[in-house]
1. For the chain, take every pair of Cα atoms, bin their distances at 5 Å starting from 0, and report each bin as a whole percent.
2. Can you tell me the relative contact order of segment 78-141? Whole percent, Cα pairs under 8 Å, sequence separation 6 or more.
3. What does segment 1-141 give for Rg and for Dmax, in Å, if only its C-alpha atoms count?
4. For a distance above 12 Å, tell me the whole-number percent of Cα pairs in segment 3-63 that qualify.
5. Of all beta bridges DSSP finds with both residues in the chain, what is the antiparallel percent, to the nearest 5?
6. Expressed in nm to one decimal, what extension gain is obtained for the pair residue 147 and residue 99 from 0.36 nm per residue of sequence separation less their Cα-Cα distance?
7. Ranking 202, 6 by Cβ neighbours within 10 Å, fewest first, what do you get?
8. At a 10 Å Cβ-Cβ cut-off, how would you order 103, 152, 97, fewest neighbours first?
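Every read-out reported here was derived from the displayed coordinates using simple, explicitly stated rules and does not represent laboratory data. These figures come from a predicted structure and were not determined experimentally. Positions of Cβ are backbone-derived with ideal geometry, glycine not excepted, and every protein chain shown enters the neighbour counts.
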């Protein structure tokens with residue numbers, strides 16, 4: 001059954017006013033007709049079984065299922081070059097990431113436009129629909145790495161920064177214990193973090209961790225991290 005994410009302002013009690021683009025996609029692309037069922041999500045954790053009715057959707061029943069991770073996972077990601085961040089957003093949304101914090105590091109080459117950021121958010125919405133999530137992850141405005149560290153320093157979370165060519169324990173070793181706090185995990189740009197950036201992160205409460213002996217691409221590392229956390233959280237939730 002098709003899932004559609006709406007803005008909360010579109011809902012008027014048991015009715016949802018569909019946008020022109022939503023009407024076009026449902027009726028012209030998916031070929032849905034009046035009375036056909038679909039699932040409506042507000043992107044903030046609520047979902048309903050609904051039917052299409054003209055230019056609206058009628059909400060019939062609240063759904064209580066949840067496919068979300070049992071804790072919040074935020075990825076602090078040094079922006080890769082090109083369209084790499086689009087791949088990261090798509091894959092990590094499917095894996096349950098709650099918040100993306102894109103940062104400008106010393107080796108970051110990308111300076112994204114407002115249109116680029118809006119495209120990232122559209123990709124997150126589409127990936128949330130496809131993976132049957134109840135929440136559309138938040139994508140923050142890109143900021144400098146040092147400023148991001150200041151903002152998260154006092155937040156009560158487990159904080160890790162992924163590094164290479166250092167004698168550090170693997171991230172997995174920290175995930176085997178019961179995960180009680182939200183997680184913030186930082187992954188670096190092409191060429192990795194500078195020594196100064198790593199030291200700055202440590203002073204902000206980040207624990208350096210390894211992702212193994214192989215050097216992962218800047219677009220691979222976040223997906224690998226999200227996969228590890230997702231697997232461990234889901235395993236602990238079902239045990």
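1. Final binned percentages: 1, 6, 14, 16, 17, 14, 11, 9, 6, 4, 2, 0, 0.
2. Numbers: 74 pairs, mean separation 29.5, N = 64.
Dividing the mean separation by the residue count of segment 78-141 yields 46 percent.
3. Both quantities, over Cα of segment 1-141: 16.6, 54 Å.
4. Numbers: 1148 of 1830 pairs.
Looking at segment 3-63, the distances longer than 12 Å represent 63 percent of pairs.
5. Working: 18 of 43 bridges.
About 40 percent, rounded to the nearest 5.
6. On the way: separation 48, 0.36 × 48 = 17.28 nm, distance 1.66 nm.
Extra length from residue 147 to residue 99 when fully extended: 15.6 nm.
7. Numbers: 202 15, 6 19.
With the sparsest Cβ surroundings first, the list reads 202, 6.
8. Working: 103 23, 152 18, 97 31.
If I rank by nearby Cβ atoms, fewest first, I get 152, 103, 97.
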